[in-house]
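Here the structure comes first, spelled out in structure tokens, and everything after it is commentary.
The values are calculated or read from the model by the stated rules, or taken from the named source; none is laboratory data. Nothing here was measured: the structure is a model prediction, and the numbers come from that model. Heads up, the Cβs are rebuilt from the backbone with ideal geometry, glycines too, and the neighbour counts pull from every protein chain shown.
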Number of protein chains: 2
Amino acid sequence: MENVIMDFDILNSLVKEGEKSKIVLLVMDGLGGLPITPGGKTELETARTPNLDALAEKSILGLQLPILQGMTPGSGPAHIGLFGYNPIKFNIGRGVLSALGVDFDLQPEDVAARGNFCTVDEAGLITDRRAGRISTEVGEKLCDLLLKNVKLPDFELFLVPEKEYRFVFVLRGKGLKADICDTDPQATGKPAIIAQADSLDSVEAAVAIRSFVSQANEILRDQSPANSLVLRGFSQFPDWPRFNDVFGLNSNAIAMYPMYRGVAKLVGMHVMPPANSMEEEMDMLEATWKDYDFFFVHIKKTDSAGEDGNFDLKVHVIEQVDALLPRILNLNPDVLIVTGDHSTPALLKSHSWHPVPTMLYSPTCRPDGIGEYGERACSRGSLGNFYPSYELLPLALAHAGRLEKFGA
Amino acid sequence: MENVIMDFDILNSLVKEGEKSKIVLLVMDGLGGLPITPGGKTELETARTPNLDALAEKSILGLQLPILQGMTPGSGPAHIGLFGYNPIKFNIGRGVLSALGVDFDLQPEDVAARGNFCTVDEAGLITDRRAGRISTEVGEKLCDLLLKNVKLPDFELFLVPEKEYRFVFVLRGKGLKADICDTDPQATGKPAIIAQADSLDSVEAAVAIRSFVSQANEILRDQSPANSLVLRGFSQFPDWPRFNDVFGLNSNAIAMYPMYRGVAKLVGMHVMPPANSMEEEMDMLEATWKDYDFFFVHIKKTDSAGEDGNFDLKVHVIEQVDALLPRILNLNPDVLIVTGDHSTPALLKSHSWHPVPTMLYSPTCRPDGIGEYGERACSRGSLGNFYPSYELLPLALAHAGRLEKFGA
């Protein structure tokens, strides 16, 4: 972490106090796309976006790289990068990510893990790591069954069902630590691994987890096909430098879904209650405009449409966002960044590694004069083709007049 | 510093001996700019520069990044970068920078600091860190008063007034070291901090500084509003690898102002007496052409015009430099780099974080064929948009035929 801290230290030492300028980070989840026909246009290039195009003319453009070259980001690390933290160095544990995704109110001493119900044979060897993809209803019933029957007198236990065979495991107790190995061997034909502490202060949690696993195996023994479980990514709410402290900002997060509100909480942002629509997100932005100076606004539906392989719907959502853009511009932000957290091409029906269209507008920017907001337009912009996502925030601070000179 | 030294070691091991090729680094201070009207041109784009444009056609272009993304450089670190030293790792102390700025002839064992006259209340708490921005004349008088009355028998003391409430403090003695904390708390409502040594070999200087401070407070007691002082950035002439040794060059610095001659001295360059005009700088270049093989030529007035918000004057100075360019080209340099140390847009009346137009001409370059020298022309060039400033020098060495192959 030395380099991270050093970089933050330098940046932090340059942050001006008492600045009132305002920054908006508008994230269209999964924004980047691909043509579905050879020689065709991407979702963003297809969408009619007069407002975004007009803003592009006055902005600097580029394609940002969320993680490293060729790496497809999950939502957590992708947002951590947009918040100015190098996601390779500030790595969120799998358990914590899962807890954020189900809107679990994780406490600093909680130990969280991602759980899978699985199938084992008589010798205890795993035969199906997903227990035949049991239905979500069955998963919920199994979580209930375990919660009713497992006895861990000195702890609180939470099991929150996710989709199908997945659940979130949380152990709550005083002074727990999470340096514990996965019980999931990530392969069939092997037994589950015994949870072992990798540090002395994680022994207490490891003992409790072993007790949980052995009781759970007893309770699930006669279920079929989900007669066992594995846990991985034991982790805790990270003790990272807080966003507001590092960057000298008073931040507000506006989002509809738990994962994005959660990842904002992770860096200590103030988080609004869940919005029910993009329009309501704009209402919240306007209503809190005078109370904060950094606004993270998250648009989910671009990603969902991409994941569903629905090219036209993704185009339509982008056009809806374009129609809302004047509401943001009417607030006169000093800096407005429009980007995605990653690409989700409808063609691939999944997140992808392709760099993400990005535009930074500010009255103090040196405009590229490219009057179009799309992947290939952005690739001609001055931010270049693989701009590290976590360097957007320092750039926003600079354009907002929030950084002192380095050296005299 | 490990990485720094390692990088230099590799480069240094490749430097050829006995090469006679010549490199010119022409720095127009604060060259980068911004349009003053939406959709308009920058200062450099506005200037009529037929000679620079013709040279651009045969050159490689790009925009260089002086420090890190979003960081606005001071003159010192910006030049350190152009001299091939990573300015984040080779960080010049504040005191040394101030001493360079007033053309003080700093010796290796001198301890320098930046001083502020300030105002304290009866309890000794700072009420104004700038003593009501006293005039430069008052600042000069106070420096004189202190120099006449402070007694430090075993040391030499220098106090050189800067503008208004600022002065440079230099303590001269044998074997002094400067690991000493700031006395400036950088906030009002607090007392000045007592100068403490952070290493054993800095104790002697710290004791002398405490004595200076307490005598100074006695002497200034009845002055108003400047009845006290604070010191920060205790530092010494750095013990860095010398430019000529690292890069195998015999260097000559040509500049009009102390800061730039000083920063060249810092890396051990030969430095010409101050020039009185750009024309005289060209005279010096011609007169010393056969005696050196690396020439740093510094043009100040682009920056001053930018700082004054005088767009037209900055354009005019750039045109004057363009008119002088043939005098450099007539010398047939093997490499000519034309760049700035940072941007100083007239729009912002200050240094800024925007990357800096850069062109490297050499008969051995692979020309971009872009026949224009301006910000947006450079952003299309093959050096890219954020070329690290400290990588220009190795590139110049290569184009000058001064580097051996890496590996056989």
Tally up the residues in the stretch A:102-138 that are in contact (Cβ under 8 Å) with a residue 40 or more places away in the chain and either touching a helix residue (DSSP H, G or I) at 6+ places or on another chain (Cβ under 9 Å) or within 22 Å of A:F158 (Cα to Cα) (or both), please. 23
Taking the stretch B:158-176 and the residues there that are under 23 Å from B:E204 (Cβ atoms) and of a type in the set (F, W, Y), the one that is surrounded by the most Cβ atoms within 10 Å (Cβ to Cβ) would be B:F169
Check A:T37 against each of (1) over 23 Å from A:V246 (Cβ atoms); (2) modelled with pLDDT of 95 or more; (3) not aromatic (F, W, Y) and name the one condition it does not meet. (2)
Of a type in the set (K, R) and on the phi > 0 side of the Ramachandran plot - does that describe any residue in the stretch A:314-327? no
Taking only pairs six or more apart or across chains, which ones have beta-carbon atoms under 7 Å, a first residue in the stretch A:310-321 that is touching a residue at least 12 places away in the same chain (Cβ under 8 Å), and a second residue that is among the basic types (K, R)? A:V317/A:K301; A:E319/A:R48
Being surrounded by 24 or more Cβ atoms within 10 Å (Cβ to Cβ) and either out of contact with any Leu (no Cβ under 8 Å at 6 or more places or on another chain) or at the interface with chain A (Cβ under 8 Å from one of its Cβ atoms) (or both) is the filter here; which residues of the stretch B:48-59 pass it? B:A56
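Quick grid of which residues meet (1) over 21 Å from B:V138 (Cα atoms); (2) among the hydroxyl-bearing types (S, T, Y); (3) crowded, with 21+ Cβ neighbours inside 10 Å:
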site	(1), (2), (3)
B:N149	no, no, no
B:E156	yes, no, no
B:D184	no, no, yes
B:T188	yes, yes, no
B:Q196	yes, no, no
B:F212	no, no, yes
B:Q223	no, no, no
Among residues belonging to the stretch B:65-81 that are outside any helix (DSSP H, G or I) and more than 8 Å from every other protein chain (Cβ to nearest Cβ), point out the one that is nearest to B:V102 (Cα to Cα). B:P66
Of everything in the stretch A:385-408, what is more than 7 Å from chain B (Cβ to nearest Cβ) and within 18 Å of B:L348 (Cα to Cα)? Give them in sequence order. A:A396, A:H399, A:A400, A:G401, A:R402, A:E404
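Among the listed residues B:G30, B:G62, which satisfies the condition of being within 22 Å of B:A255 (Cβ to Cβ) and within 14 Å of chain A (Cβ to nearest Cβ)?
B:G30
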Give A:G101, A:G74, A:G115 a once-over and let me know the one that is buried (at least 24 other Cβ atoms within 10 Å of the Cβ), under 24 Å from the mean Cα position of the chain (by Cα) and not aromatic (F, W, Y). A:G115
Please verify whether B:E375 is of a type in the set (D, E) and farther than 21 Å from A:G369 by Cβ, treating the condition exactly as stated. no
Looking at the stretch A:285-303, which of its residues are surrounded by fewer than 19 Cβ atoms within 10 Å (Cβ to Cβ) and part of a helix (DSSP H, G or I)? A:E286, A:A287
Selection count where residues are buried (at least 23 other Cβ atoms within 10 Å of the Cβ) and of a type in the set (F, W, Y), scope the stretch B:385-403: 2
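Residue under question is B:N91, and the condition is that it be of a type outside the set (A, V, I, L, M), within 21 Å of A:L14 (Cα to Cα) and part of a loop (DSSP other than H, G, I, E, B); does it hold?
Yes, satisfied.
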Which residues, taken from the stretch A:195-221, are farther than 19 Å from A:L157 by Cβ and either modelled with pLDDT under 95 or touching a helix residue (DSSP H, G or I) at 6+ places or on another chain (Cβ under 8 Å) (or both)? A:Q196
Looking only at helices (runs of 4 or more DSSP H) that lie completely in the stretch B:304-404, which have at least 2 residues being modelled with pLDDT of 95 or more, more than 22 Å from the chain's Cα centre (by Cα) and more than 22 Å from A:R380 (Cα to Cα)? B:311-329, B:392-399
Note on A:T183: of the conditions (1) out of contact with any Asp or Glu (no Cβ under 7 Å at 6 or more places or on another chain); (2) assigned to a helix (DSSP H, G or I), unmet is (2)
Taking the criterion of being out of contact with any Pro (no Cβ under 9 Å at 6 or more places or on another chain), under 22 Å from B:G374 (Cβ atoms) and in a loop (DSSP other than H, G, I, E, B), would at least one residue in the stretch B:52-61 satisfy it? no
Which ones in the stretch B:247-277 are surrounded by fewer than 21 Cβ atoms within 10 Å (Cβ to Cβ) and either in contact (Cβ under 8 Å) with a residue 24 or more places away in the chain or within 22 Å of B:G93 (Cα to Cα) (or both)? B:G248, B:N250, B:M256, B:Y257, B:P258, B:K265, B:G268, B:H270, B:V271
Exactly one of these conditions fails for A:N149: (1) of a type in the set (S, T, N, Q); (2) at pLDDT below 95; (3) out of contact with any Gly (no Cβ under 9 Å at 6 or more places or on another chain). Give me its number. (2)
For the stretch A:355-384, which residues satisfy the criterion of being more than 10 Å from chain B (Cβ to nearest Cβ), of a type in the set (S, T, N, Q) and buried (at least 24 other Cβ atoms within 10 Å of the Cβ)? A:T358
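Take B:G84 and tell me if it is in a loop (DSSP other than H, G, I, E, B), of a type outside the set (S, T, Y), more than 14 Å from chain A (Cβ to nearest Cβ) and surrounded by 19 or more Cβ atoms within 10 Å (Cβ to Cβ).
yes
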What's the total number of residues in the stretch A:322-354 that are free of Cβ contacts under 8 Å to residues at least 60 places away in the same chain and surrounded by 24 or more Cβ atoms within 10 Å (Cβ to Cβ)? 0
What number goes with the only condition from (1) in a loop (DSSP other than H, G, I, E, B); (2) touching a residue at least 40 places away in the same chain (Cβ under 8 Å) that B:G39 does not pass? (2)
Any chance the stretch B:155-165 includes a residue that's over 28 Å from the mean Cα position of the chain (by Cα) and at pLDDT 95 or above? yes
Of all residues in the stretch A:94-114 being of a type in the set (A, V, I, L, M, F, W, C) and in a loop (DSSP other than H, G, I, E, B), the one that is modelled with the lowest pLDDT: A:V102
Step by step: first the residues of the stretch B:118-147, then only those that are in contact with a Lys or Arg (Cβ under 7 Å, 6 or more places away or on another chain) and surrounded by fewer than 21 Cβ atoms within 10 Å (Cβ to Cβ), then the one that is farthest from B:S202 (Cα to Cα). Which residue is that? B:T136
Looking only at the stretch B:249-270, and only at residues there that are assigned to a strand (DSSP E or B) and within 14 Å of the chain's Cα centre (by Cα), the one that is nearest to B:F8 (Cα to Cα): B:A253
